[in-house]
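Structure first, then comments.
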Amino acid sequence: MGEVLSQNEIDSLLAALSTGELDAEEMSKKDEKQVRNYDFARPAKFSKEHLRTLEIIYEHYGRLLSTNLPLYLRKSVQISVASSETVVFSEFSNALSNPVILGIVNFSPLQGQIILELAPNLGFAMIDRMLGGQGVPIDKERDFSDIELVILNKIMTICMQLMRDPWKNVVDIEPFLERIETNPQFAQIIAPNDMIAIVTLNLKIGDVEGFMNICLPFSTVEDIMDKLNTKFWYSTMKESNDEDYSQYVESMIRRVDAPVKAVLGKSMITVNDFVNLQYGDIIRLGTRTEDELEIYVGNIKKFMAMPGKSDDKYAVRITSVIREEE
């Protein structure tokens, strides 16, 4: 998050630049390597390895969001990991605007909560899109209405549920959304001086762009810190040769449900006849009783069969298989 400036400090800095007291070019020419004080009483609890692993997790999460959100928004969504860093919670909370969209998520079975922060302009754009608009944010920010909060709750619930799969290589989580806060003062889930890791995602919904911050307190992920490294990450992925992988894919496909239908025959009637159909009416089909039936798997004609009966249920007996080349 970096150093957070107050509004008065920002105004003073802009005034100094405009009057010439500060030279922007000279400031840019300064050596970027700066010495940073290290507080041994409050050490950084997230290493670079931890942050890199979190980036990998949320890169996967971003791909899931960009695939699933368009189903609800009916608009293209592009997501990428912008940065990751570790700060104290007070720096994060002080940098939040008001109103803000904060999803307080219980990270069960881990102890504690995490925060999903969504930029208000993205929130208003999503609401506008969900209500049938073009997905354009409002010109002037305002508080969210009760109806808008209900819609935001649904969006944040979707975002929260998609977090399960990216974390499964580390821990099986069952997160649930506890509440949504629009005032940062009511989202104090940990002490101000506690350390947190922040992963920032860059979201682009159509022409609207903004950030989503995932705030992960150290106290919440402390029990799994040993697993937050790339060595553990890749060790959980079992090595397998092509044959084993093919068998694995085949076993997965065999468990997939596929709709199967048998077409007794087809007929064409007028709309007038259709709306006036009564119980006992007969529709003449284009097939004979001794003809084979076409069996469809999904929308693909795959088998030919003869109608029959198995116990007290209708059934078909496969007579031939239709190959792909046919």
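The values are calculated or read from the model by the stated rules, or taken from the named source; none is laboratory data. What you see is a predicted model, and the numbers here were worked out from it, not measured in a lab. Neighbour counts run over all protein chains shown; Cβ positions are idealised from the backbone, glycine included.
List of remarks:
- Pair list, Cβ < 9 Å and 6+ apart or interchain, from region 143-163 residues that are farther than 16 Å from residue 122 by Cβ to residues that are assigned to a loop (DSSP other than H, G, I, E, B) and small (Gly, Ala, Ser): none
- Residues satisfying the criterion are absent from region 149-168 (criterion: modelled with pLDDT of 85 or more, assigned to a strand (DSSP E or B) and in contact with a helix residue (DSSP H, G or I) (Cβ under 6 Å, 6 or more places away or on another chain)).
- Test: residue in region 196-207 that is more than 20 Å from the chain's Cα centre (by Cα) and not hydroxyl-bearing (Ser, Thr, Tyr): yes
- Within region 175-188, residues that are in contact (Cβ under 8 Å) with a residue 12 or more places away in the chain sit with their Cβ atoms under 7 Å from residues that are of a type in the set (Asp, Glu) and exposed (fewer than 13 other Cβ atoms within 10 Å of the Cβ), at 6+ positions apart or across chains, in these pairs: 182/143.
- Screening residue 127 on (1) among the hydrophobic types (A, V, I, L, M, F, W, C); (2) without any contact (Cβ under 8 Å) to a residue 40 or more places away in the chain; (3) under 23 Å from residue 188 (Cβ atoms) shows it passes everything except condition (3).
- Hey, residue 166 in the same structural domain as residue 71 (by TED's automatic domain parsing) and in contact with a Ser or Thr (Cβ under 7 Å, 6 or more places away or on another chain) or not: no
- Residues in region 293-326 that are in contact (Cβ under 8 Å) with a residue 40 or more places away in the chain and part of a strand (DSSP E or B) were compared, and the one that is surrounded by the most Cβ atoms within 10 Å (Cβ to Cβ) is 316.
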